[in-house]
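Have a look at the structure below, then the notes.
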Amino acid sequence: MDIQGLNAAQRYTASRPATQPDPAPGGAGETALNLARDFAATLQDTEATAKAAMTGQADPHALVQALAQTELAVETAVTVRDRVVEAYQEILRMPV
C-alpha cells in the first residue's frame, strides 16, 4: 500500500460527517457575543475617525472608508435582526 493511499484513508476516517455539529467551544452564544463586540468596536472606530476628521487630524478618505464599514455593519445587523424576528414569528405560528 502506498503512502498517499494510507494518508487519504486516515483523513477520510478522521473527518466528521456533515451532520455532526462543529466541535467549536462556546457555541452560538459565544459567537453572537463576539459579533456584538465586533459591531460595537466598528462603531467606536468610526466615531473616533469622525472626531479626528472634524479636528483635521484624519484623512477624508479614512473617514469615508470608516463610514462605509459602519454602514455595512448596520445593514448586516438589521438583516440578522429581521431574520431572527421572522424565525420567531414562524415558530409562533406552529401548531402545538
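Would you kindly state how much longer the chain becomes between MET54 and ARG37 on full extension, computed as 0.36 nm times their sequence separation minus their alpha carbon distance, in nm to one decimal?
Details: separation 17, 0.36 × 17 = 6.12 nm, distance 2.58 nm.
Stretched fully, the MET54-ARG37 segment lengthens by 3.5 nm.
Want the number for LEU63 to GLU30: 0.36 nm per residue separation, take away the alpha-carbon distance, what's left? Don't skip to the answer; put the middle values down first.
Values: separation 33, 0.36 × 33 = 11.88 nm, distance 3.08 nm.
Difference between extended and current length: 8.8 nm.
Read-outs throughout are calculated quantities, based only on the coordinates presented, and are distinct from any laboratory measurement. Fair warning: this is a prediction, and the values are worked out from it, not measured in the lab.
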